[in-house]
Amino acid sequence: MATSQDIGYFSPWDYVVFASVLAISAAIGIYYAFAGKGQTTSQEFLTGGRSMSALPVALSLTASFMSAVTILGTPADVYRFGAMYILFAISYTLVVIICAEIFLPIFYRLGITSTYEYLELRFNKGVRILGTVVFIIEMVLYTGIVIYAPALALNQVSGFNLWGAMTATGLVCTFYCTLGGLKAVIWTDAFQIVVMIAGFIAVIIRGVVVQGGIQNIINDSYYGGRLNFWDFDPHPMRRHTFWTIIIGGTFLWTGIYGINQSQVQRYIACKSRFEGKLSLYINLIGLWIILICAVLSGLILYSVYKDCDPWTSKKISAPDQLMPYLVLDILRDYPGLPGLFVACAYSGTLSTVSSSINALAAVTVEDLIKPYTNLSEQKLSWTSKGMSALYGIVCIAMAGVASFMGSVIQAALSIFSMIGGPLLGLFSLGMFFPFSNSLGAIVGLLVGFAMSLWAGLGAQIYPPLAERSRPLDLSTAGCNFSTIESNWTSTTEMTMLTTLMQPQVSERPVLADNWYSLSYLYFSTLGTLVTLFVGIIVSLLSGGLKQNINHDYLFGRQDLSFDIFSSCYKDDKAEKIQGLNWKPQPDQGHDNPGFTKDNIGLSEFK
């Protein structure tokens, strides 16, 4: 097996491939900035004029999901914990069905641009602003980490300049988001998903060849305990089991696909409700492909390094560097292919960052600027572009702050788990419980956040012990220790958590091995359920049963598929005549200009 010195750094061809991906992404932004005289309204800039078809939106949804966290983190997770990760295919299926049949019909029917507009329609301005501010904090933190994480991993393995990579990534995303708006984001995502899949396939094909066939990889994985698909242990403290992945994973990803602005903004940009649903179901196929590629890459990692783990033998300094290390090891004789994988990882980052910047601009304009100003559509369009540029700079700065954080990959996952869950509970409270009121919504959200943050931050301070997470053995028995530091011996057997600087068992509080050891996948479930429970109780105690609400803001019969298909002709006819997506008439006295101007009921066309 190659040593770290044998692997070396990138060739000129690798840099050419990587730079080409950035250049093409920027060119797409330039094209959409000038094609069709650019975006003259904020709606055109932020939602693509609601004229997108299903396929590019589906590719964009998949690309946004597939960040560098997925490309670098999932194979490493399979390498250390086993292939149980493949069970997320079931979670993704449930999530797509829930989002396509429940959340999409409501958001599309209301014709909103920001998902947080719904919170004002259903509750009041205070709930909307609170949800918007929380989302902005979440996405700025997450986006900074997404920029920093792959730059760190690739820098330490390939010699790629850390700050140059972070700055280039942030500037390119900011450039094409600011110029081209949502259309540029969607079409660059469609291009980038092709690059990402190509990078994965290159690694898989070469890995299979190096190991002498897929059968050898499966055999190595089986005897190494990596094919641990079925574990029905119901204990909530276990990191990954069938139940934590199916239940916790469904809550986690519903919070992302169901109510997160960066994802919702894509499928409500489709030209019809049917196209929006179709984009989600096509996206599901993409998620399955990505998951299979990532899990297979993790098994290849184990097959190649089963006798000499690069991490515990100190050839790399973090597990997140395993995939770049493998690429430079097995593809070093093929100039350009390591660069293709770097482009693959950074395409994941570009797609995620661009969607985040566009979503941040959308909620800022729609939730914090438009309701309180009388700006013209042209000025709102320029304001949207200015917000895109501003958030791009802020996210680059956040990437610098992330360099002082600990495990950036774990931090990225924790942010969505701890914040997405309570927000999912808040939206569910409004959609499914007609007696819920604004007081219940605010109190429920705050208590839900407090509980999920308590558990999540406690887990960061006191990581679960090995008997909870059950990492699999990593061996260094086959290493050539003449190339490794002298204080390491061939008997070294280490796992993920034994390298963490966690307190000794005697120093750990009682909560550390109970409450703080809750599976990270359950943080989102915890936040959702607590928000719902507290919100329902407070609403009932504060007179929620006596309030009169507009039932257009609840999930109802009109959102079910059989009603949609039976009336799709009327919907399409109304949309063509009106030139807008239908919006129900808001209550009289609503002071949000986004909901009081040019809203015509569908009944006029029946």
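What is the set of long-range amide H partners of residue 475 at a cut-off below 5 Å, with H atoms built 1.01 Å from backbone N?
309
Of the peptides 324-332, 517-525, 12-20, how do they stack up when ordered by the mean number of other Cβ atoms within 10 Å, highest first?
Values: 324-332: 23.4, 517-525: 25.4, 12-20: 16.7.
Descending packing order for the listed peptides: 517-525, 324-332, 12-20.
For segment 19-414, what is the relative contact order in percent, using Cα pairs closer than 8 Å and at least 6 residues apart in sequence?
On the way: 630 pairs, mean separation 158.9, N = 396.
Once divided by the residue count of segment 19-414, the mean separation gives 40 percent.
Sorted by packing (mean other beta-carbon atoms within 10 Å per residue), highest first, where do 192-199, 467-474 land? All intermediate terms of the calculation are to be shown ahead of the outcome.
Working: 192-199: 22.9, 467-474: 16.9.
Highest to lowest by the protection proxy: 192-199, 467-474.
Counting alpha carbon pairs within less than 8 Å and at least 6 residues apart, what relative contact order, in whole percent, applies to segment 253-353?
Working: 30 pairs, mean separation 10.4, N = 101.
Relative CO of segment 253-353 lands at 10 percent.
Please express the shape of segment 19-414 as an equivalent ellipsoid: the semi-axes are the square roots of 5 times the eigenvalues of the C-alpha gyration tensor, given largest first in whole angstrom. Let's see the in-between values first.
Values: eigenvalues 253, 110, 69 Å².
Three semi-axes, in Å: 36, 23, 19.
Given a Förster distance of 35 Å, report the FRET efficiency between residue 397 and residue 377 from their Cβ-Cβ distance, rounded to the nearest 0.05.
On the way: r = 31 Å, r/R0 = 0.87.
The pair residue 397/residue 377 has a calculated efficiency of 0.70.
In terms of the Cα gyration tensor, with a ≥ b ≥ c the square roots of its eigenvalues, is segment 306-351 rounded because a/c is under 1.5, prolate because a/b exceeds b/c, or oblate? Mind showing how you got there, number by number?
Values: a/c = 3.35, a/b = 1.47, b/c = 2.29.
Cα axes put segment 306-351 in the oblate bin.
The numbers here are math on the coordinates, done by the rules we state, and not lab data. Just so it is clear, the model here is predicted, and its values are computed rather than measured. Using ideal geometry, Cβ is built from the backbone for each residue, glycine included, and neighbour counts are taken over all protein chains shown.
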